[in-house]
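Below: one structure, written as structure tokens.
Any read-out appearing in this document is the output of simple, stated calculations on the displayed coordinates, not a laboratory observation. The shown structure was predicted, so the numbers you read here are calculated from the model rather than taken from an experiment. In this analysis, Cβ positions are derived from the backbone assuming ideal geometry, glycine residues included, and neighbour counts consider all displayed protein chains.
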Amino acid sequence: MTRAETAADLAVDEAADPGHARSARALVQAVRWRSGLSQDEFARAFCIPLDQLAMLELGQARPDTALTAYLRVVDHAPDVVREALERAGL
């Protein structure tokens, strides 16, 4: 990977469709940034361990398939996810 490709990978287009995110890191960052929540708020709101979210945003971990799908649902319908989590008592 060239330096230019790496720099492009770090850039997050807040309007980008999460399905077209350039990396797992960009996907996680974009979804959270579009939510307008801090890492702590996002982690609490969507039941994601804060340390895991931080590692994902730093590119030190990659989301598995289930978490990637969950993040896409959160990005598409955050209120529905919050309601479902609340009904589940989470």
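The table for this structure:
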{"read-out": "Zone of D64's modelled label, taken as backbone nitrogen in the stretch 33-58 under 19 Å from a point 7 Å along Cα→Cβ", "value": "46-57"}
{"read-out": "Phi to ³J(HN,Hα) by Karplus 6.51 cos²θ - 1.76 cosθ + 1.60 over the stretch 56-70, Hz, x for Gly, Pro", "value": "5, 5, 7, x, 8, 8, 10, x, 6, 4, 5, 5, 4, 5, 4"}
